[in-house]
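Asks: Before I ask anything, let me first share the structure, which is written out below as structure tokens.
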Amino acid sequence: MTRRRPTITCRCCGKTGQHGAHGWIRSCYERWLKAGRPQEGPPPPMPLEEIRARSVQARRPCGPKAARMDDFVTVRLTRRRENGEPISIAEAAAAVGVSKRTAERYAAALKQQARR
């Protein structure tokens, strides 16, 4: 059986939540730990706008999907081997900077669009 922590009003931020330590709620206590246990207490919470901006950056490290797909199509259609054959999907993926699996998905989407 796990021990249930009491609900308190935090001395740091004034919010109500589960007790972490030192009269702080769990989130303030964890911020304090991650900050290296500063003498002055936990740092202020990160603004919501900054949290949202970081999550958007994490989801799109390579740029918009449509732009990458356009780059893949251009590379796949324009680059040819010495004998005139188009380059492989893996070679096009390496040129654009996406994984082979992503390039395979792009190729499949292009085939579906061509059928319509």
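The values are calculated or read from the model by the stated rules, or taken from the named source; none is laboratory data. These figures come from a predicted structure and were not determined experimentally. Glycine also receives a Cβ, built like all others from the backbone with ideal geometry; neighbour counts cover every protein chain displayed. SASA here: full protein model, heavy atoms, side chains in, ligands and nucleic acids out. Shrake-Rupley method; radii C 1.70, N 1.55, O 1.52, S 1.80 Å.
Asks: R11: net charge of surrounding residues, Cβ under 14 Å, Lys/Arg +1, Asp/Glu -1, itself excluded?
Replies: +2
Asks: By how many degrees, 0 to 90 and rounded to 10, does the Cα axis of helix 65-78 deviate from the longest principal axis of the chain?
Replies: On a 0 to 90 degree scale, this one is about 20.
Asks: Can I ask one more? State the percentage of accessible surface on segment 65-114 attributable to carbon and sulfur atoms; use a 1.4 Å probe and exclude ligands, DNA and RNA.
Replies: Carbon-and-sulfur percentage of accessible area, whole number: 50.
Asks: Compute the relative contact order of the chain as a whole-number percentage, counting only Cα pairs closer than 8 Å that sit 6 or more residues apart in sequence.
Replies: Once normalised by length, the contact order is 11 percent.
Asks: Heavy atoms only, probe 1.4 angstrom, no DNA, RNA or ligands counted: give me R101, R37 ranked by accessible area, highest first.
Replies: If we order R101, R37 from most to least accessible, we get R37, R101.
Asks: Something else now. How far is helix 48-59 tilted, in degrees, relative to the longest principal axis of the Cα atoms in the chain, given as a value from 0 to 90 rounded to the nearest 10?
Replies: Once rounded, one gets 30 degrees.
Asks: What's the long-distance tail for segment 65-114, i.e. % of Cα pairs beyond 19 Å?
Replies: 17
Asks: Separate question: What fraction of the Cα pairs in the chain, stated in percent, has a spacing above 22 angstrom?
Replies: Of all Cα-Cα distances in the chain, 60 percent exceed 22 Å.
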